[in-house]
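Engineer: Structure in structure tokens, see below.
The values are calculated or read from the model by the stated rules, or taken from the named source; none is laboratory data. Given the structure is predicted, the values throughout are model-derived calculations rather than measurements. Cβ placement follows ideal geometry from the backbone for every residue including glycine, while neighbour counts extend to all protein chains displayed. Areas reflect the complete protein model, heavy atoms only, side chains present, ligands, DNA and RNA absent. Shrake-Rupley method; radii C 1.70, N 1.55, O 1.52, S 1.80 Å.
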Amino acid sequence: MTLVSGFSRTTDEDSDIKNGFYRTLKYVIRAAPRHDIMCVLGDFDAKVGDDTQYAPSVIGRYGVVAKKKVSKEAKQYKWIKTEPEPRNITWKGSMPHYDEVQTPLDLFRMFITKDILSNIVDQTNLNAMRKKNLALKLSLEELRRFLGVQMLMSILKLPAIRMYWENGIRYSPVADTMSRDRFNSLRSFFHICDDTLMIPKGEVGHDKLFKIRRLYDAFRENLKKTDPEEIQSIDEQMIPFKGTIGFRQYLKDKPHSWGVKVFTRAGISGIVYDIEIYTGKGAVEISELGQGTDVVLRLVENLPRFMNFKLFFDNFYTGIDLIHKLRVEYGIESCGTIRSNRMRGAVLDTDANMKKKGRGSVDFRFERHSEVSVVKWYDNKPVHLASSYCAVTPIDKCQRWDGSTRKYVEVDRPRIVRDYNKSMGGVDLADMFLELYRTDIRSKKWYMRIV
């Protein structure tokens, strides 16, 4: 027998009566708007001997408390309202020291090696011979000049390529380095891989990134040469492209909404340490931990273990299991915003109660086994965060605009929010640097936009 505010009914009635009961309860609540109606709703589908655990949650405008199922995965987590005990999370690495200042050319040669350029020379000459029976005679030195011209065009941008060679606005550093027709010819035949070796689409082993595979793999390998810094973040980048391609994506919140999505790990300084191009659903097998977790684990695979790196990511990636796994198996402390349905049974204060308390109100829980903290902070709206190394204290102040008083006010801010806001922008900073020097030459070839 289930009792709710004086009403009773057996638990084996059909679903129609069950729905009717909820409608009746709604009318009862509306009839008593000045009173808090507190009642416990039983699980109508519960069976005798069912050992399912439940957690309280608040539903409805008037504080009607219901019992909600807790997933089996959440049973292993026991949340308590306390702060994590202090641990030594000092970074064990060190920033590199260079005896000589590296020039931009030195850095370019570190990532784009002579082997990469030699392969492009060979494949470009081969492509010209196959398509037009043309002896292009591209040399390594001429390829370097061609790439240099592309970089100059990214700094001094003109509406059309031909304008760099036109008589009224001729730009000597470009026009004196290479003729217009030669430049267009090299762009037309530019190639990285031998197309005859590509496995056709639809067959086993087809590689969507075949046309850039050798450059892509070599570039990722060369990124490992850079000594990683302590604070890093993982986020998405977009390579703008609106042409036809099987893995083109749309992200509305990015400056370039359409294009090729790239998962990126970058430092707080904006230096990129690893990338992974997303080639669409089904390209990579997804584990039971989820796509976001898999991406993070692949991108941190090359980081030195147990050095106490600090890693930040948004709610696409964050999960309690991921944070625990990073700390235990990789020695990486992490922090990120988290979706409310990934909280693994952690029950925090309701949105309505926190709104009454005002901006800056906070609630938190800690799980001793996994050593993960979850925090809910109310600003203009509630935000959930999770971390393996920080929670609420120390609390500082931040300034927020108050629309009612039309002035800035000070709001309490937990440490986890401060650290996240301060450290999450590495990929966005790298995006800004790329945008400053992006080559705006249009091309129907998707791989030319990536290169």
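Engineer: Run down Tyr447, Tyr420, Tyr437 and say which single residue is modelled with pLDDT of 95 or more and either at negative phi or open to solvent by less than 60 Å² (accessible area, probe 1.4 Å) (or both).
Structural biologist: Values: Tyr447 fails: modelled with pLDDT of 95 or more; Tyr437 fails: modelled with pLDDT of 95 or more.
The match here is Tyr420.
Engineer: So, one more: If the Cβ limit is 7 Å and pairs must be 6+ apart or interchain, which residue in the range 180-205 that is under 10 Å from Thr124 (Cβ atoms) and open to solvent by less than 70 Å² (accessible area, probe 1.4 Å) pairs with which residue that is aliphatic (A, V, I, L, M) and in a loop (DSSP other than H, G, I, E, B)?
Structural biologist: Leu186/Leu138; Phe189/Leu136
Engineer: Which of the residues spanning the range 274-294 are within 18 Å of Asn315 (Cα to Cα) and of a type in the set (A, V, I, L, M)?
Structural biologist: Ile286, Leu289
Engineer: Is it the case that the range 281-292 has a residue that's in contact with a strand residue (DSSP E or B) (Cβ under 8 Å, 6 or more places away or on another chain), charged (D, E, K, R), over 22 Å from Ile89 (Cβ atoms) and at pLDDT below 95?
Structural biologist: Within the range 281-292 (the criterion being in contact with a strand residue (DSSP E or B) (Cβ under 8 Å, 6 or more places away or on another chain), charged (D, E, K, R), over 22 Å from Ile89 (Cβ atoms) and at pLDDT below 95), the answer is no, since none of the residues qualifies.
Engineer: Specify the residue that is least open to solvent (accessible area, probe 1.4 Å); the eligible residues are those in the range 75-113 that are farther than 23 Å from Ile231 by Cβ and of a type in the set (A, V, I, L, M).
Structural biologist: Once the filter is applied, the top-ranked residue is Ile112.
Engineer: Of a type outside the set (A, V, I, L, M, F, W, C), within 15 Å of the chain's Cα centre (by Cα), closer than 30 Å to Glu367 by Cβ and surrounded by 14 or more Cβ atoms within 10 Å (Cβ to Cβ) - does that describe any residue in the range 248-263?
Structural biologist: no
Engineer: In addition: With respect to Ile116, determine if the residue is closer than 25 Å to Tyr171 by Cβ, of a type in the set (Val, Ile, Thr), open to solvent by less than 40 Å² (accessible area, probe 1.4 Å) and out of contact with any Ser or Thr (no Cβ under 6 Å at 6 or more places or on another chain). Steps first, please.
Structural biologist: Details: closer than 25 Å to Tyr171 by Cβ: no; of a type in the set (Val, Ile, Thr): yes; open to solvent by less than 40 Å² (accessible area, probe 1.4 Å): yes; out of contact with any Ser or Thr (no Cβ under 6 Å at 6 or more places or on another chain): yes.
Here the answer is no, as Ile116 does not meet what is asked.
Engineer: Being over 22 Å from Phe316 (Cβ atoms), touching a residue at least 12 places away in the same chain (Cβ under 8 Å) and either surrounded by 15 or more Cβ atoms within 10 Å (Cβ to Cβ) or charged (D, E, K, R) (or both) is the requirement here; does Asp412 meet it?
Structural biologist: On the way: over 22 Å from Phe316 (Cβ atoms): yes; touching a residue at least 12 places away in the same chain (Cβ under 8 Å): yes; either surrounded by 15 or more Cβ atoms within 10 Å (Cβ to Cβ) or charged (D, E, K, R) (or both): yes.
Against the criterion (over 22 Å from Phe316 (Cβ atoms), touching a residue at least 12 places away in the same chain (Cβ under 8 Å) and either surrounded by 15 or more Cβ atoms within 10 Å (Cβ to Cβ) or charged (D, E, K, R) (or both)), Asp412 qualifies.
Engineer: Which residues, taken from the range 295-320, are under 13 Å from Gly336 (Cβ atoms) and open to solvent by 20 Å² or more (accessible area, probe 1.4 Å)?
Structural biologist: Across the range 295-320, the qualifying residues are Asp314, Asn315, Phe316.
Engineer: Sticking with this structure for a sec: Could you list, in sequence order, all residues of the range 375-424 that are within 23 Å of the chain's Cα centre (by Cα) and among the charged types (D, E, K, R)?
Structural biologist: Lys376, Asp379, Lys381, Arg415, Arg418, Asp419, Lys422 - these are the residues of the range 375-424 that are within 23 Å of the chain's Cα centre (by Cα) and among the charged types (D, E, K, R).
Engineer: Hey, can you tell me all the residues within the range 350-392 that are basic (Lys, Arg) and surrounded by fewer than 21 Cβ atoms within 10 Å (Cβ to Cβ)? Don't jump to the end; show me each part of the working.
Structural biologist: In the first step, residues of the range 350-392 are kept if they are basic (Lys, Arg); the result is 355-357, 359, 365, 368, 376, 381.
Lys355, Lys356, Lys357, Arg359, Arg368, Lys381, listed by residue number.
Engineer: In addition: So in the range 121-138, with the set limited to residues that are open to solvent by 70 Å² or more (accessible area, probe 1.4 Å) and in a helix (DSSP H, G or I), which one is nearest to Pro104 (Cα to Cα)?
Structural biologist: Taking the candidates together, the pick is Asp122.
Engineer: Just checking, how many residues over the range 322-349 are open to solvent by 10 Å² or more (accessible area, probe 1.4 Å), of a type in the set (D, E, K, R) and in contact (Cβ under 8 Å) with a residue 40 or more places away in the chain?
Structural biologist: Number of matching residues: 3.
Engineer: What number goes with the only condition from (1) under 30 Å from Asp314 (Cβ atoms); (2) touching a helix residue (DSSP H, G or I) at 6+ places or on another chain (Cβ under 9 Å) that Pro228 does not pass?
Structural biologist: Failed condition: (2).
Engineer: Given the range 313-421, what strands (runs of 3 or more DSSP E) lie entirely inside it while holding 3 or more residues that are aliphatic (A, V, I, L, M)?
Structural biologist: On the way: elements: 333-337, 362-367, 372-378, 382-387, 396-402, 407-413.
Filter on the range 313-421 gives 372-378, 382-387.
Engineer: If Glu367 satisfies all but one of (1) touching a residue at least 60 places away in the same chain (Cβ under 8 Å); (2) closer than 19 Å to Ser233 by Cβ; (3) touching a Phe, Trp or Tyr at 6+ places or on another chain (Cβ under 8 Å), what's the number of the condition it fails?
Structural biologist: (2)
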